[in-house]
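Colleague: I am attaching a structure below and will ask some questions about it afterwards.
No lab work stands behind these numbers, since they all come straight from the coordinates. All figures in this text were calculated on a predicted structure; none of them were measured in a lab. FYI the Cβ positions are ideal-geometry reconstructions off the backbone, even for glycines, and counts take in every protein chain you see.
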Amino acid sequence: MSEREWRFYLDDMIGFAEKVLIYTEGLDQAAFVASGLNYDATVRNLELIGEAATHIPVEIQKTFGAVPWRQVIATRNRLIHGSRN
């Protein structure tokens, strides 16, 4: 079985980011946190962005050094392993 092509993970990341923008459109912070569904969906898509980023090869990450890859992945780890209070 071959591993999934890394370019597909970039496509995934873009799709997840588009969802985050849709889910948060027009909401201030208080409304966003209180929304429940929008909040949960946004957090999940941010987790998925970070997960997809872990599949981007290091040489590609270096080529696109303007992307804060480590921060994207670290955000995923904080969301999954941290508190959601």
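Colleague: Using the Cα atoms as the points, what is the convex hull volume per residue of the chain in Å³? Can you show the working numbers first?
Modeller: Details: hull volume 9.6 nm³, N = 85.
Spelled out: Cα convex hull of the chain, divided by residues, is 113 Å³.
Colleague: Now for a different question. Given an 8 Å cut-off on Cα distances and at least 6 residues of separation, report the relative contact order of segment 6-81 as a percent. Before the final figure, lay out the partial values.
Modeller: Numbers: 65 pairs, mean separation 28.1, N = 76.
Normalised by residue count, the contact order of segment 6-81 is 37 percent.
Colleague: Where does each of 69-75, 34-40 land if you order them by average Cβ count within 10 Å, highest first?
Modeller: Working: 69-75: 15.1, 34-40: 12.9.
Packing order, densest peptide first, comes out as 69-75, 34-40.
Colleague: Add -39500 (n - 2.57) for each DSSP H run of 4 or more in the chain, then divide by its residues: what number comes out at 222 nm, to the nearest 500 deg cm²/dmol? Mind showing how you got there, number by number?
Modeller: On the way: 5 runs with 61 residues, N = 85.
My calculation for the chain gives -22500 deg cm²/dmol from helical runs alone.
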